[in-house]
Amino acid sequence: MMELNTKIRAAVPEDANAVAPLLILAMGHIAGIFARSENHSDAIPFFRHFFETNQNQYSYENTLVFEDENGVIGAVTGYDGALLHQLRKPVLDLIRETQPDFNPSDETGPGEYYIDCVNVHPAHQGKGIGKKLIKAFCEKAASLGYQRVGLIVDQVNPAAKRLYENLGFKIVGEKNFLGHQYHHMVLEVASK
C-alpha cells in the first residue's frame, strides 16, 4: 500500500530535471560512455534532451514516475522490445556524431516488454519504491497485452538480481552489453 501523498503516474516532459539524474544512476558506466566522461553526471544534458523528446528509448512517453511530497523521486522506463531499433536510432545518431563506430548489441528484442531503466533517488532507496515501480510497469505491460516483461541486470550487481528474483523474474540467458556481462531476466505476466 502506498503512503498518502504518493503516486505512480505517466511521466511528462516537465519531469526532465528530476528524471535525467535518476537515469544516470540506472545507467552507471553506460552514462559515462554516452557522455565520453568519467563523470557520469556529464550525461545529464544528454538524458534530459532525450527524456523531453518523443519517440526514443528514454522518452517521457516510455516512463512512469513515482512522486511524493518531495517531487519525482523514482522512475521506470521501458518499451516493446520489438521497437528497440526504432527507439534507439535517435540516440545512436547523436552518439555517433562524436563516436562514429559506436554500435551496441541489442539488450532486448521482440516478445517482451522491456524495462530499460529503473531508478530511485539515493535518499529514498530501500523504501520499496523500486519494487512499486517495477510492479506498476508489469501491470502496464499486462494491460497492453504483453505476456513477458524482460530486463538485463549487471552480473556485478547481485543485490539487483535478488530484487528481481524476489519479484518473480527468472534468468533466461546472458548478454554482453557495452563491456559488461548481464543476466537476461524475464517475468511472465498475465495479460488483461
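The values are calculated or read from the model by the stated rules, or taken from the named source; none is laboratory data. Just so it is clear, the structure is predicted and the values come from calculations on it, not from any experiment. Here Cβ is always computed from backbone atoms with ideal geometry, including for glycine, and neighbour counts include all displayed protein chains. Surface accessibility is based on the protein's heavy atoms, side chains included, excluding ligands, DNA and RNA. Shrake-Rupley method; radii C 1.70, N 1.55, O 1.52, S 1.80 Å.
Listing for the model above:
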{"quantity": "Matching residues, segment 1-38, being modelled with pLDDT of 85 or more, assigned to a helix (DSSP H, G or I), open to solvent by 30 Å² or more (accessible area, probe 1.4 Å) and closer than 21 Å to residue 125 by Cα", "calculated": "17, 18, 21, 25"}
{"quantity": "Condition check for residue 41: without any contact (Cβ under 8 Å) to a residue 24 or more places away in the chain, over 24 Å from residue 160 (Cα atoms) and open to solvent by less than 60 Å² (accessible area, probe 1.4 Å)", "calculated": "no"}
{"quantity": "Test: residue in segment 146-154 that is open to solvent by 10 Å² or more (accessible area, probe 1.4 Å), of a type outside the set (Phe, Trp, Tyr) and touching a Lys or Arg at 6+ places or on another chain (Cβ under 9 Å)", "calculated": "yes"}
{"quantity": "Subset tally (residues that are among the hydrophobic types (A, V, I, L, M, F, W, C), in a strand (DSSP E or B) and farther than 24 Å from residue 102 by Cα) for segment 153-172", "calculated": "2"}
{"quantity": "Unmet criterion (only one of (1) under 17 Å from the mean Cα position of the chain (by Cα); (2) open to solvent by 40 Å² or more (accessible area, probe 1.4 Å); (3) at pLDDT below 95) for residue 86", "calculated": "(3)"}
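Yes/no matrix, rows are residues, columns are (1) free of Cβ contacts under 8 Å to residues at least 40 places away in the same chain; (2) in a loop (DSSP other than H, G, I, E, B):
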{"position": "87", "(1), (2)": "yes, no"}
{"position": "91", "(1), (2)": "no, no"}
{"position": "101", "(1), (2)": "yes, yes"}
{"position": "174", "(1), (2)": "yes, no"}
